[in-house]
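*Asks:* There's a structure below that I have some questions on.
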Amino acid sequence: MGACMALCSLASCASCLCGSAPCLLCGCCPSSNNSTVTRLVFSFFLLLGTLVSVIMILPGMETQLRKIPGFCQGGTTIPGIENHVNCDVIVGYKSVYCMCFAMACFFFLFSAIMIRVKSSKDPRATIQNGFWFFKFLILVGITVGAFFIPDGTFHDVWFYFGIVGSFMFILIQLILLIDFAHSWNEVWVRNAEEGNSKCWFSGLLFFTVLHYALAFAAVVLFYLYYTKPDNCAEHKFFISFNLILCVIISVVSVLPKVQDASPQSGLLQSSIITLYTMYVTWSAMTNNPNRECNPSLLSLVSNINKTEAMPTSSPGMVQLWDAQGIVGLVIFLFCTFYASIRSSSNAQVNRLMQTEEGKGSVGGEEVGEDGLRRAMDNEEDGVTYNYSFFHFHLLLASLYIMMTLTNWYKPDITTQAMQNTIPAVWVKISSSWLGLGLYLWTLVAPVIFPNRDFN
């Protein structure tokens, strides 16, 4: 709470927060379309909430958070129910949940308001593209209220909301990575055709080999450290099955019929999807409650057996985020920024992400009579992205951040500690399977339905 209020003055002075549509551009803002600026500012709100959540779980912050009346005073705030809580353990977990709950409510509100907005001529588009300071005040108000939500079943119930939302966001991340890989391959191939083809094709080959090499190295490390000869059968299945699926999509991507139907497909895209799948597999295995099959990064580096270390179920020894959480946060930041500026020519991805092909790709600016630069309104004839779906995507991102920062932990029945859960493992693994299925569909759909335009 203190960190959130401390950042208020900084955020209120940030560019584009106080203008109405079309958003005013300060000197630090690049020339851009109104649709792009709007997405960037909403993404800034999400990143601001993420920063506040990170600050709240830093060591030493629990002392300050416990000063919030009723937030954590050794027991539940519901009259008649006794539930002694170790505040040193639970306070960081609760603060992240409250912050992300506030962000989810904020984006859900705008997702509901912006349903079926077709162009910037709709009065609701003015709300979407402006009044940033008032939106910020709404977010701060919801956040303050969230910290006074009574204990009881809220955090247990919200954990399962986080599980479902994170599952959906992992799929969206994969779709964005597919789109990024297609755009990357398309641009470099076009540059190779225009000149200096040897350089550009060498670059494509280098990154393709690099991605596959990293994925192969990950598989080897998984077998060495996350499996045992007489144990960890689930991990052996996860690693082997996902490896087989990645080989299949790589082979399918270069089949002659697939290449004829989708010339833009290739091994670069498959290598990125393979590497991401290995990350999701690793992330899932790190949530296995079986300590023998889930060594900590510290034990791997120092060559200490996990069973000899202090168990994470010990009340004072909870680790809210680890190496895989940091990697997940980096991928989240990349996907959030890319979703804000993307303008893809991939029809299938545009259909999945509810965006329009090619619209909003040309930046521009308008200079008013007062000499101030303004973002160009490029949505008078039609929106370049689905407003409601964009906010729903940020809602899911809020839930994903909540689960990532708390390392997908769930409090035990006495809330004395937090523990890994099997549902988190299966959510991540099943999302990787469904994601690979979606990518495979983007490859074979043009072959199965040759009369439909997928380009």
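*Asks:* Of K118/K428; K94/K118; K94/K428, which ones are farther than 27 Å apart at the Cα? Numbers along the way, then the final one.
*Replies:* Numbers: K118/K428 35 Å; K94/K118 39 Å; K94/K428 23 Å.
Over 27 Å Cα-Cα: K118/K428; K94/K118.
*Asks:* Among 442-448, 197-203, 97-103, what's the highest-first ranking by average C-beta atoms within 10 angstrom per residue? Please report the intermediate quantities before stating the final value.
*Replies:* Numbers: 442-448: 16.9, 197-203: 12.7, 97-103: 26.6.
Put in order of decreasing packing, that is 97-103, 442-448, 197-203.
*Asks:* Additional query: Output ³J(HN,Hα) for region 187-199: one whole-Hz value per residue in order, computed from phi by the Karplus curve 6.51 cos²θ - 1.76 cosθ + 1.60 with θ = phi - 60°, and x for Gly and Pro.
*Replies:* 5, 5, 5, 5, 5, 5, 6, 7, x, 6, 4, 4, 5
*Asks:* In Å³ and rounded to a whole number, note down the convex hull volume per residue for the Cα atoms of region 259-298. Each step should come with its number before you reach the end.
*Replies:* Details: hull volume 3.2 nm³, N = 40.
Dividing the Cα hull volume of region 259-298 by its residue count gives 79 Å³.
*Asks:* Please work out the Cα convex hull volume for region 159-224 and give it in Å³ per residue.
*Replies:* Numbers: hull volume 5.4 nm³, N = 66.
For region 159-224, the hull spanned by Cα atoms encloses 82 Å³ per residue.
*Asks:* Tell me the net charge near V425. Cut-off is 13 Å between Cβ atoms, V425 excluded, with +1 for each Lys or Arg and -1 for each Asp or Glu. List each step's numbers first, then the result.
*Replies:* Numbers: positive: K410, K428; negative: E234.
For residues surrounding V425, the net value is +1.
*Asks:* Additional query: Of the chymotrypsin sites (Phe, Trp or Tyr not before Pro) in region 108-176, which ones lie in a loop per DSSP and count no more than 14 other C-beta atoms within 10 Å? Intermediate results must be reported in sequence, preceding the final value.
*Replies:* Numbers: sites: F108, F110, F131, W132, F133, F134, F136, F147, F148, F154, W158, F159, Y160, F161, F167, F169; in loops: F131, F147, F148.
Filter output for region 108-176: F148.
*Asks:* So, one more: Taking amide H positions as placed in the peptide plane 1.01 Å from N, state which residues far from N33 in sequence (5 or more) or on other chains have amide H under 5 Å from it.
*Replies:* G364
*Asks:* Which net charge results when you count Lys and Arg as +1 and Asp and Glu as -1 among the other residues whose beta-carbon is under 12 Å from that of E186?
*Replies:* Charge balance near E186 sits at -1.
*Asks:* Please turn the phi angles of region 390-403 into ³J(HN,Hα) values with the Karplus equation 6.51 cos²θ - 1.76 cosθ + 1.60 (θ = phi - 60°), one per residue in order, whole Hz, x for glycine and proline.
*Replies:* In residue order, the calculated couplings are 4, 5, 5, 4, 5, 4, 5, 4, 4, 5, 5, 4, 4, 6 Hz.
*Asks:* While we're here: State the volume of the convex hull built on the alpha-carbon positions of region 197-260, expressed per residue in Å³ and rounded to an integer. Write out the running numbers ahead of the final one.
*Replies:* On the way: hull volume 5.0 nm³, N = 64.
For region 197-260, the hull spanned by Cα atoms encloses 79 Å³ per residue.
*Asks:* Charges only on Cβ, +1 for Lys and Arg, -1 for Asp and Glu: so what's the dipole of region 104-188 about the Cα centre, in debye to the nearest 20?
*Replies:* The dipole of region 104-188 has a size of about 460 debye.
*Asks:* Moving on. Could you go through region 162-178 in sequence order and give the Karplus-derived ³J(HN,Hα) for each residue, using 6.51 cos²θ - 1.76 cosθ + 1.60 with θ = phi - 60°, rounded to whole Hz, and x for Gly and Pro?
*Replies:* x, 4, 5, x, 5, 4, 5, 5, 4, 5, 5, 4, 5, 4, 5, 5, 4
Since every read-out is calculated from the coordinates, none of them should be taken as a lab result. As the structure is a computational prediction, the values presented were derived from the model and not from experiment. Methodologically, a virtual Cβ is constructed for each residue, glycine included, from the backbone with ideal geometry; neighbour enumeration extends over all protein chains shown.
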